[in-house]
Amino acid sequence: MRAAAILAIPLLTVGCAQSSVTATSSSAPQTNTTAAPDRTQQIENWRHSHLSAFTTLGTAMIDLGDAMVANDWNAVHTECAKLTEATHAMYDALPTPTRG
């Protein structure tokens, strides 16, 4: 259970870091108007198609944390299984596309 949570945190961080980098760079003026929009669109399409993996992982982490705070060990077992499934979905979604 603890290992799943530890593994999930870097995955979520990678997604959040990619999101903030693109959000910052997309607001900057682009000089190359032919290739850049295609790559930017690919990244946006990837994000959109895998949004549920990020959302599911975040929800699973929150639910597991809530169960642990409540000392509800039956719920911890259930939520840990959900976190495992969410982690597999995230692994399937990665690696992320990179700008280059």
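The values are calculated or read from the model by the stated rules, or taken from the named source; none is laboratory data. For clarity, every value in this text was computed on a predicted model and none was experimentally measured. Note: ideal-geometry Cβ built from the backbone for every residue, glycine included; neighbour counts use all protein chains shown. The accessibility values were calculated without ligands, DNA or RNA, using every heavy atom of the protein model including side chains. Shrake-Rupley method; radii C 1.70, N 1.55, O 1.52, S 1.80 Å.
Quick one: what pairs do we get from segment 52-65, first residue assigned to a helix (DSSP H, G or I), second open to solvent by 30 Å² or more (accessible area, probe 1.4 Å) and modelled with pLDDT of 90 or more, C-beta under 6 Å, 6+ apart or different chains?
60/82
What residue, of 31, 40, is open to solvent by 80 Å² or more (accessible area, probe 1.4 Å), at pLDDT below 90 and of a type in the set (S, T, N, Q)? I'd like the intermediate steps shown before the answer.
Details: 40 fails: open to solvent by 80 Å² or more (accessible area, probe 1.4 Å).
Criteria check complete, one pass: 31.
I'd like the full set of residues that are free of Cβ contacts under 8 Å to residues at least 24 places away in the same chain and surrounded by 15 or more Cβ atoms within 10 Å (Cβ to Cβ), limited to segment 66-93.
67, 68, 75, 79, 82
How many residues, within segment 66-77, are among the charged types (D, E, K, R) and in a helix (DSSP H, G or I)?
Step one: filter segment 66-77 for residues among the charged types (D, E, K, R), giving 66, 72.
In the following step, the residues that additionally are in a helix (DSSP H, G or I) were identified as 66.
So the count comes out to 1.
Here is a list: 96, 13, 22, 56. Which entry is at pLDDT 85 or above and surrounded by 10 or more Cβ atoms within 10 Å (Cβ to Cβ)?
Result of the check over 96, 13, 22, 56: 56.
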